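The next block holds one structure in the form of structure tokens; read it before the comments.
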Amino acid sequence: MRRFFGLKNPKNQRQRCTAEREREREREREREMKFAVKAWSKGRARAGVLQFVVGSSSSRSNSPSHPTEIEIETPALLLSTRKGLPFFISPDLLPSLPSDSHLLQFSPLHFLEGITPETISAIGGLHEMLGLHEYGFAAVPRDSIVCLPHCDGTNKLGASFETPFGRILIKPSEYIKFISSMKPNSWTTLADEVPAWVSEKRNKTSVDRTVRWLDDCIALSSKGGNIFGAIVGGSSVEERRRSAQEVAKRNVSGYWIGGFGLGESMDDRSPLLNAVTDCLPEQKPRQICGLGLPEEVLQGIDSGVDLFDASYIYNLTAGGFALTFPLERIVRNVSDSQLSNKGSDGTKINLNDAVYRKDNSPIVDGCRCYSCQNHTKAYISHLLNVNEMLALILLEIHNTHHYLGFFRAIREAIKGGKFEEFRNHFIEDSCDHVFATALSA
């Protein structure tokens, strides 16, 4: 009998393929994001828990041997990054931040130049490349800092963005190629974001395109993952509602609310947000882009938003500002010392100001961050004036630590049923300080 050596048994090969697909599905189920609402305030504001799995079963020696589940309480802050790393804080200093800072946001468009998607995929994804196995990554099309939507350049083929590399048109297939190579814990579908002043016809077109791209992204994504469906609609309440209703019909893990911070007023924003969140299921997380100021965050939370980006921290740090507003309690009066402080507006101080060059106190008394525990306003002011990079590192550490504390205070207020009181006191105190400063000028 003639025997053929080296030929594989087709039946055994099919069984192995089936077993491998089953193992892959099991790994995908393990990596599914989970979200649960734990408390409601009197209105739409809510506190919850977001669970996701980090780590991998990779054979690389520096990978954790077992996946680890991380819990993030919401409302939460996603730390803004460039190519997966904070703008100024180095990876070795990340552990100095509070434990609720383990969710990092990035835009795949950051990688348009430099290392290719094929190389990132060969390394094993963004976690492997950066060595941040204990952190979650959330991918979004735009980051409100260096990758901004350009609605005039967007067409039926893809979305246009202003980037450091020029104006770029990104098609759904190209976008998914980046997502597949980077393997983020969650990712947002491509969106056609428009500013507040566009016509009703353009608003309708943006919704139609975004829904079509959502379907394209889902179809093109072979491994699925934790998909956040993009919701747009500009300044139209009707189109916002229609967009939310369409996305809610799709099988997605959460929702990304885009098109804010593009020219709408504070007064117009709440009806637009409420039109969206009222159409979404309660047991899925809601992420937003473009709201960063404390007052804007409070407005978003009041409408039921769970996740916010940290572009505000970057803008503060780059400008030499440090957050100082009280976290433990709401201060209803403005002291004379605050009014005489020329570098302060009640929420932040400008350490570029000459008034701090001889101030040997920490940025905030009692703050537990590395910067306040080890350095003074005078030292950081000096570093800023001589253009030392360490100034921005210390400021970003403090501002991140302080803003995370702001979110913890919000969560406690929601759990205690006092969010509305917390929000009103915060806004009133800000207005009181501005008014008192104007009178003393």
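The values are calculated or read from the model by the stated rules, or taken from the named source; none is laboratory data. Everything quoted here is computed from the prediction, not taken from an experiment. Every residue, glycine as well, gets a Cβ built from its backbone with ideal geometry; the counts of neighbours run over all protein chains shown. Heads up: the accessible areas ignore ligands, DNA and RNA and are worked out on the full protein's heavy atoms, side chains in. Shrake-Rupley method; radii C 1.70, N 1.55, O 1.52, S 1.80 Å.
Hey, with R₀ at 51 Å, roughly what FRET efficiency would E282 and N352 work out to, going by the Cβ-Cβ distance, to 0.05? If you can, show how the numbers build up before the last one.
Values: r = 45 Å, r/R0 = 0.88.
For R0 = 51 Å, the calculated efficiency reads 0.70.
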note = Evaluated at 20 °C and 1.002 mPa s, the Stokes-Einstein D of region 30-315 based on the Kirkwood radius over Cα pairs, in µm²/s, stands at 113 µm²/s
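Keeping all protein chains in place and using 1.4 angstrom, which order do V237, V386, V194 fall into by accessible surface area, from largest down?
Order by accessible area, largest first: V386, V237, V194.
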task = Set the Förster radius R0 to 41 Å, insert the Cβ-Cβ distance between A39 and D268 as r into 1/(1 + (r/R0)^6), and round the FRET efficiency to 0.05.
result = 0.90
task = Run the quick spin-label model on M389 and A122: label points 7 Å from Cα toward the beta carbon, then report their separation in nm to one decimal.
result = 2.8 nm
key: Accessible area of C279 in the full protein assembly, 1.4 Å probe (Å², nearest 10)   = 40 Å²
task = Report the full-extension gain for the segment L293 to A318: residue separation times 0.36 nm, less the Cα-Cα distance, to one decimal in nm.
result = 7.5 nm
ask   = What accessible surface, in Å², does a 1.4 Å probe find on K418, ignoring ligands, DNA and RNA and rounding to the nearest 10?
value = 120 Å²
ask   = Can you put M129, M182 in order of accessible area, largest first, using a 1.4 Å probe?
value = M129, M182
query = Taking a 1.4 Å probe, which of D216, D92 shows the most accessible area, and what order do the others take after it?
reply = D92, D216
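So what's the net charge close to L272: Lys and Arg +1, Asp and Glu -1, counting the other residues with Cβ under 9 Å from its Cβ?
Details: positive: R240, R269; negative: E264, D268.
That works out to 0.
Taking a threshold of 21 Å on the Cα-Cα distance, which of the pairs K348/K377; K38/K183; K171/K249 fall above it?
Values: K348/K377 13 Å; K38/K183 29 Å; K171/K249 23 Å.
Those over the limit are K38/K183; K171/K249.
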About the Cα centre, charge dipole magnitude for region 243-296 (Lys/Arg +1, Asp/Glu -1 at Cβ), debye = 380 debye
remark   = FRET efficiency for S430 and K171 from the Cβ-Cβ distance with R0 = 35 Å, rounded to 0.05, comes out at 0.20
task = Assign unit charges at the C-beta atoms only (+1 for Lys and Arg, -1 for Asp and Glu), then state the dipole size of region 30-315 relative to its Cα centre in Debye, rounded to the nearest 20.
result = 640 debye
inquiry  = Output needed: percent of Cα pairs per 10 Å distance bin for region 55-203, bins running from 0 to the one holding the longest distance.
reply    = 10, 37, 33, 15, 4, 0
request  = Name the residue farthest towards the positive end of the dipole of region 30-315 from the options P108, V247, S265, assuming +1 on Cβ of Lys and Arg, -1 on Cβ of Asp and Glu, about the Cα centre.
outcome  = V247
